[in-house]
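Below is one structure, written out as structure tokens; the observations come after it.
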Amino acid sequence: MPELKRRLAPLLSSLTLAASLLLLGACASGPAELSTAQKLLDTKLAEDPQFQSYALSIMADSDATHARSARLAAITAGGRAATSAAIPSLDPQDAEELAALEGLFAGRGVLKMQAAARLADGANAEALEWLASQMGKGGTVLPATAMNALAATERSEDVRQALRGMIWSKELSTRNEGYEILGQIEQPWAVDLLLEGLDKEFAEDRVGPIAALGAQGDPRAVKPVLKWIQTQGLVEASLDTLARLGDPSAATKIAPLLQNEQPIVRVFAASALWRLGDGGAAQETLGVLVDSEEASVRQAVATELGKVTEPQAISWLTKLATDADPDVRIEALRALVAAPASVDSALLVQAAGDESYEVATLALNGLAEVGSAEQAAELAPLLENSNPYIAISAAHAILSIHGGKE
């Protein structure tokens, strides 16, 4: 990384100055917890690469000033893991972030590949040309974003052949990687290859192409996937894909599964039916299962409710967010914070003090989106929490609530 740091030295200097001015401004005015949060975040990011990577992961979609500064600082002065974590969030349309990506692209190795993929996603011709030259070299597998970008160019056939080679590999892991990439390729032939893969796979190995067909959303997949809704190991993936495909005609085939003897199957079937428009029968089934004595069933209910954008789903998730089982609370909170406009911020404040640090951090990361200034003050004591991840999430929440936007 020495050469990279030399090339980006001017950017690092400007970032250091900007961070200093930001910190001085925070200390000079504003709530006391604001400057404390910034100091805590600066300290933790410098203390441990794992803390830095975690902070970057929770700030990935944030446009707050502190989040952008942390991403750029990771590129100029962070380690490999932090740099890798920051790259997907950099915006090629932003001058400074574009400069950071170009600096990485001028380097080598994995970071060059990641930077090239991000630049290619923004239609950077030089990055696209370089990625095309790397495709298939020494077994190299390009990131899905890069493959998708190349698939929209004259290299589309090369991409198709490369992915077809992957899904016919003897190694299941390679085939599954190929299916996952195909799920993100915005070309009609991607669905053709996924259907080809589904036809040739056996038993649970069909999960890969089935899930990827759901990501594609092509109605041609409805009939082939319907064949597997009652096959052990394929029920969840098949029902989820049918729900994502959105063809109401599949509901008549799914409805009988609401009577299945296995409660977990009834959960998946009810979720699929609700998403396909048959909310009545689905809610009747889930209304019973949400109170199941089995924590694993309640956890599955929470996960599936996160896929439904209805008031009743939010109501049940709010209930499950205070469940006695921490794994259930985690899934419920994860679903709620994914739709911040629907979540009760008071519930998140309560969950921020949960004994499970995973619940607490999820709640804090949700408050970064929907918390109020009064709630930010309530979070201040968490900046001194002995768990560094809770402290970092609390700092991010406070800074997001009070901080400026770029």
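Every residue, every condition in (1) surrounded by 18 or more Cβ atoms within 10 Å (Cβ to Cβ); (2) outside any loop (DSSP other than H, G, I, E, B); (3) modelled with pLDDT of 90 or more; (4) on the phi > 0 side of the Ramachandran plot, yes or no:
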{"site": "LEU40", "(1), (2), (3), (4)": "yes, yes, yes, no"}
{"site": "LYS44", "(1), (2), (3), (4)": "yes, yes, yes, no"}
{"site": "GLN52", "(1), (2), (3), (4)": "yes, yes, yes, no"}
{"site": "ALA60", "(1), (2), (3), (4)": "no, no, yes, no"}
{"site": "THR76", "(1), (2), (3), (4)": "yes, yes, no, no"}
Restricting attention to the range 273-313, which residues are buried (at least 18 other Cβ atoms within 10 Å of the Cβ), aliphatic (A, V, I, L, M), touching a Leu at 6+ places or on another chain (Cβ under 9 Å) and part of a helix (DSSP H, G or I)? LEU273, ALA282, LEU286, VAL297, ALA300, VAL301, ALA302, LEU305, ALA313
Could you tell me which numbered condition THR322 fails, if it satisfies all but one of (1) of a type in the set (Val, Ile, Thr); (2) within 28 Å of ALA269 (Cβ to Cβ); (3) modelled with pLDDT under 95? (3)
Exclusive hit being touching a Ser or Thr at 6+ places or on another chain (Cβ under 6 Å), of a type in the set (A, V, I, L, M, F, W, C), in a helix (DSSP H, G or I) and under 28 Å from THR43 (Cα atoms), set ALA86, ALA82: ALA82
Residue match in the range 225-234 (condition: more than 22 Å from ARG164 (Cα to Cα), assigned to a helix (DSSP H, G or I) and in contact (Cβ under 8 Å) with a residue 24 or more places away in the chain): yes
Have a look at GLU374, GLU293, GLU331 and point out the one that is out of contact with any helix residue (DSSP H, G or I) (no Cβ under 8 Å at 6 or more places or on another chain) and under 25 Å from PHE268 (Cα atoms). GLU293
For the range 313-348, what are the residues that are among the β-branched types (Val, Ile, Thr) and within 16 Å of the chain's Cα centre (by Cα)? ILE330, VAL337
Selection count where residues are buried (at least 20 other Cβ atoms within 10 Å of the Cβ) and of a type outside the set (S, T, N, Q), scope the range 208-220: 7
Just one of LEU379, LEU399, LEU383 is touching a strand residue (DSSP E or B) at 6+ places or on another chain (Cβ under 7 Å), of a type in the set (A, V, I, L, M, F, W, C) and touching a residue at least 40 places away in the same chain (Cβ under 8 Å); which is it? LEU399
When every residue in the range 221-247 that is polar (S, T, N, Q) and over 19 Å from LYS200 (Cβ atoms) is compared, the one surrounded by the fewest Cβ atoms within 10 Å (Cβ to Cβ) is GLN232
Any residue in the range 191-202 that is closer than 14 Å to GLY165 by Cα sitting within a Cβ distance under 9 Å of a residue that is among the aliphatic types (A, V, I, L, M) and not in a helix (DSSP H, G or I)? List the pairs, counting only those 6 or more apart or interchain. LEU193/ILE185
When both residues are 6+ apart or on different chains and their Cβ atoms are under 8 Å apart, which pairs have a first residue that lies in the range 41-64 and is in contact (Cβ under 8 Å) with a residue 24 or more places away in the chain, and a second that is surrounded by 22 or more Cβ atoms within 10 Å (Cβ to Cβ) and not in a helix (DSSP H, G or I)? PRO49/GLY78; GLN52/GLY78
Would you check if ALA302 is under 22 Å from the mean Cα position of the chain (by Cα) and among the hydrophobic types (A, V, I, L, M, F, W, C)? yes
When you scan the range 97-105, do you find a residue that is of a type outside the set (Phe, Trp, Tyr), surrounded by fewer than 22 Cβ atoms within 10 Å (Cβ to Cβ) and either without any contact (Cβ under 8 Å) to a residue 24 or more places away in the chain or under 19 Å from ILE390 (Cα atoms) (or both), even just one? yes
Only one of ALA377, ALA360 is surrounded by fewer than 21 Cβ atoms within 10 Å (Cβ to Cβ) and under 23 Å from GLU33 (Cβ atoms). Can you tell me which? ALA377
Restricting the range 185-224 to residues that are more than 17 Å from VAL159 (Cα to Cα) and in a loop (DSSP other than H, G, I, E, B), the residue that is modelled with the lowest pLDDT: GLY217
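The values are calculated or read from the model by the stated rules, or taken from the named source; none is laboratory data. This one's a predicted model, so the numbers in the text were calculated from it and none came from an experiment. Because the Cβ atoms are built from the backbone with ideal geometry, glycine has one as well, and the counts that use them run over all protein chains shown.
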